[in-house]
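Below: one structure, written as structure tokens.
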Amino acid sequence: MPLKSVEVNLEQVRANVADIRRRVGVEVWAVVKADAYGMGMERVAPAIAELVDGFCVFSLREAQAGRLWEVTGKPAIALGPPDSADPAAYRQQHVRPAVSTIEQATALRPADPVLCVDTGMQRFACPAEQVEAVLTAGECREAFTHAVRVEQAQLLKQLTSGHHLKLHAAATALLDQPEARLDAVRPGLALYQQAVTVRTALVEVHVSRPPVGYGGFSVSHHGVIPVGYVQGLRRGICLIAGQRRMVLEVGMQSAYVEIGPEAQVGDEVILLGPELPPHDLAPFWNSSPHEALLRLGGR
Ligand SMILES: *Cc1c(COP(=O)(O)O)cnc(C)c1O
């Protein structure tokens, strides 16, 4: 048994995409940036290619590295700031760049750029007063915003009204908000719902004699798992024999977990899974579900 095993259920990922399609009724552009959130772009993207209208990456380089066009035959948008000023490089990979300045739009016009409008994120995005100028410079036919609230999607519509652009705003958080859907959605995290399981096993069990470990914790029984912060683990919760248990203290390559008196060496420990989704770990980690998924599941 490996120290930590990560299983990505591609059938579930496909079912998730199909479900999103049905729910939103508009185009779906699956976000596979950061190597598909660590799940492996070359594995995930082909599995859902026929179900999506296209993909989103962060940079042209990511699309090239993952051979996105070759393996899927679907176009992509690079959401981040342009990492090339050469429109031919984008066209060759069937990637359209997001642009937010007149300079970027002018240089990349032959690559059919997509305008990124600032509706509050204030990063890699065009401020309201320059929308007209950048649209003109890039002859853009499409615009998007990185939105976390419905009002931002509505603001995108206002700021680009009269231009007859294809518009999109919603990522995972706004999928169920009809007013945020516009002409397409860009889900990332939602692709992996119920689809990723990260496991390990107890390598030791102890009747505790407090204080235990570095921090001197105190429980009646504790176990040890061979996963630490090198493998992305943090203090929080895990599942042992179907029960939620505390991850008490995390070392570099191992961690202490709370166990019941019946636990045995070899018992399975779920660090992430359908019954312990990234959303449930995020509050303990003082972080986002995205980070929890990427840290624990990422390669
Ligand atoms: C990462 C990202 C998304 C996807 O976000 P999720 O919350 O994972 O669905 C959508 N749009 C932009 C611009 C992004 O950077």
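Put +1 on the Cβ of each Lys and Arg and -1 on the Cβ of each Asp and Glu in the stretch 167-299; which of 226, 236, 175 then has its Cα farthest toward the positive end of the dipole?
Among 226, 236, 175, the one farthest towards the positive end of the dipole of the stretch 167-299 is 226.
Output the 0 to 90 degree angle, nearest 10, between the alpha-carbon long axis of helix 150-159 and the longest principal axis computed from the alpha carbons of the chain.
Roughly 20 degrees between the two axes.
Which loop trypsin sites (Lys or Arg not before Pro) in the stretch 17-107, with loop taken from DSSP, have no more than 14 other Cβ atoms within 10 angstrom of their Cβ?
In loop regions of the stretch 17-107 (DSSP not H, G, I, E or B), the sparsely surrounded trypsin sites (Lys or Arg not before Pro) are 67.
Rg and Dmax of the stretch 20-140, Cα atoms, in Å?
14.4, 41
Using every pair of alpha-carbon atoms in the stretch 145-292, split the distances into 5 Å bins beginning at 0 and state the percent of pairs per bin, rounded to integers.
2, 9, 16, 16, 13, 10, 7, 7, 7, 6, 4, 2, 1, 0, 0
Of 76, 51, 66, which is farthest on the positive side of the dipole of the stretch 43-85, counting Cα position, with +1 on Lys and Arg Cβ, -1 on Asp and Glu Cβ, and the Cα centre as origin?
Of the candidates, 66 comes out farthest on the positive side.
Across the chain, what fraction of all alpha-carbon pairs, as a whole percent, falls in each successive 5 Å bin from zero upward?
P(r) for the chain, in whole percents per bin: 1, 6, 12, 14, 14, 13, 11, 8, 7, 6, 4, 2, 1, 0, 0.
List the lysines whose Cα sits under 26 Å from the Cα of residue 166, skipping any in the same chain fewer than 8 residues away.
Those lysines meeting the cut-off are 33, 74, 157.
Readers should treat all values here as calculations from the given coordinates under stated rules, not as data from a laboratory. This is a predicted model, so every value here is computed, not measured. Here the Cβ is made from the backbone with ideal geometry for all residues, glycine too, and neighbour counts use every protein chain on show.
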